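Step one of this worksheet: look at the structure below.
Derivation of every value follows stated rules applied to the coordinates shown; laboratory data play no part. From a predicted model like this one, the values you see are computed outputs, not experimental measurements. Quick reminder, even Gly has a Cβ in these numbers, built from the backbone with ideal geometry, and neighbours come from all protein chains shown.
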Amino acid sequence: MNFSKADIVKNISKKSLVSAGESKIILESFLSLIKSSSKLRPVKLSSFGTFSFKKTPTRLGRNPKTKDSYIIPELNKLNFKPSNKIKENLN
């Protein structure tokens, strides 16, 4: 099941007595807080999980159609590790 930001905003505004515009601001500020804080150190949300940045190494990529090789640079990716409580609820 996929959720878009619009779906999350609708759910926030339905479950709390907040307008859709305010819900969007809440969601955007929460996501920007997670992104900026996790660059410095892992961000742990109790009973939910941990967000952290992970560096991917430089590697060789290949276009399967033309067989051309190129180097994919080192990247920073936002990583999420769910808590044990979330894993138990899913299984």
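Mind checking the angle between helix 5-15 and the chain's longest principal axis? C-alpha axes, 0 to 90 degrees, to the nearest 10.
Once rounded, one gets 20 degrees.
Under a cut-off of 18 Å between alpha-carbon atoms, report the aspartates and glutamates in cross-link reach of LYS14, not counting same-chain residues fewer than 8 places apart.
Filter leaves GLU22, GLU28.
When the chain is fully extended, how far beyond the present Cα-Cα distance does ASN89 get from ASN2, taking 0.36 nm per residue of separation? Before the final figure, lay out the partial values.
On the way: separation 87, 0.36 × 87 = 31.32 nm, distance 1.79 nm.
Here the answer is 29.5 nm.
What are the extents of the Cα atoms of the chain along their three principal axes, in Å, largest first?
Result for the chain: principal-axis Cα extents of 55, 31, 29 Å.
Would you please put 69-76, 8-15 in order of how densely packed they are, using the mean number of other Cβ atoms within 10 angstrom per residue and starting with the highest?
Values: 69-76: 9.9, 8-15: 14.9.
Going by the mean number of other Cβ atoms within 10 Å, highest first, we get 8-15, 69-76.
Whole-Hz Karplus ³J(HN,Hα) for segment 35-43, in order, using 6.51 cos²θ - 1.76 cosθ + 1.60 and θ = phi - 60°, x for Gly and Pro?
4, 6, 6, 6, 5, 7, 7, x, 9
Students often get this wrong, so check it: of LYS54/LYS87; LYS5/LYS39; LYS24/LYS85; LYS39/LYS67, which have C-alpha atoms separated by over 25 Å?
Details: LYS54/LYS87 21 Å; LYS5/LYS39 22 Å; LYS24/LYS85 27 Å; LYS39/LYS67 35 Å.
Pairs exceeding the cut-off: LYS24/LYS85; LYS39/LYS67.
Suppose every K and R has +1 on its Cβ and every D and E has -1 on its Cβ; what is the size of the dipole of the chain about the Cα centre, in Debye to the nearest 20?
Dipole magnitude for the chain comes out near 280 debye.
Using just the helices of the chain, give the 222 nm mean residue ellipticity in deg cm²/dmol: DSSP H runs with n ≥ 4 each add -39,500 (n - 2.57), and the total is spread over all residues, rounded to 500.
-13500 deg cm²/dmol
Could you give each residue of segment 16-21 its phi-based ³J(HN,Hα) in whole Hz, using Karplus coefficients 6.51, -1.76, 1.60 with θ = phi - 60°, and x for Gly or Pro?
Result, rounded to whole Hz: 10, 7, 10, 5, 5, x.
Tell me which residues come under 5 Å, amide H to amide H, from PHE53 once H is placed; ignore anything under 5 positions away on its chain.
ASN79
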